[in-house]
Structure formats: C-alpha cells, structure tokens
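Scroll down for the structure; my scribbles are underneath it.
The values are calculated or read from the model by the stated rules, or taken from the named source; none is laboratory data. As the structure is a computational prediction, the values presented were derived from the model and not from experiment. So basically every Cβ, Gly included, is an ideal-geometry build from the backbone, and we count neighbours across all protein chains shown.
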Amino acid sequence: MRPERVQRFRDEGSRREQRRKAGRDDFEPRETPYVVKRSVTIRGHRTSFSLEQAFFEVLSEIAVQRKMSLAALVAEVDGVRPKGANLSSALRVFVLGAVRQREDDGRSHGSGT
C-alpha cells in the first residue's frame, strides 16, 4: 500500500474514533454495509445468500422461534422457492410474509373480536 493511502486510512480511523468518543458516531453509508453475504451448508453443499442486516435478524429470530438452525430454515425456504428464483430474494419474501403474519396475528388478538 502506498504511504499516502496508509495515511488516509489512519486519518479515517482516527476521525471515526473521535466521533465515537464525542458521542457523534454518525451514520456513514460507506462504513455500514447494507447487504452482507453469508454462507450456510444445506443438503450437503455450501451456498451463500446476501441479506440486509434487518432481514437477517428477523430470519434468525424465526429460526430460534421454530427451534431449528438457521441452515435448516434456509434449506426449508430453498426447498419451496420457485425454480429460477434467487435464494436471497426468496429469503426476503419469506421474512416479509412472516412479519405480515405476525402483524395480522397481533391485530386479531388485540381487536377484541
């Protein structure tokens, strides 16, 4: 790495640390990955998917609620996704459906009917 790039890297790190210490750890898109790629083994082969952190957290919660591993839940979604559909997209649609179902269940229990 060229010296000027090393210095820029150090400067960015120190500015980040200064913001953190001052309580101004501002959101900076280039520092926060929107999508994270993860790998799991399903049905004996390694596969990967890319999800935003919010989707991944809900997917993990669903796995815990169902008392199953994340890999098993991903395999379940993988097994029912339409042919040619992207696994990451299928996982997002699955999470969205689960969140909608949770909201519907909450409304029906809270409506007093």
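Scanning the stretch 35-64 for residues that are hydrophobic (A, V, I, L, M, F, W, C) and farther than 14 Å from F94 by Cα gives V35, V36, V40, I42, V64. Residues in the stretch 33-78 that are in a helix (DSSP H, G or I), among the small types (G, A, S) and at pLDDT 95 or above: S60, A63, A71, A72, A75. Would you say G84 is in a helix (DSSP H, G or I) and surrounded by fewer than 11 Cβ atoms within 10 Å (Cβ to Cβ)? The answer is no for G84.
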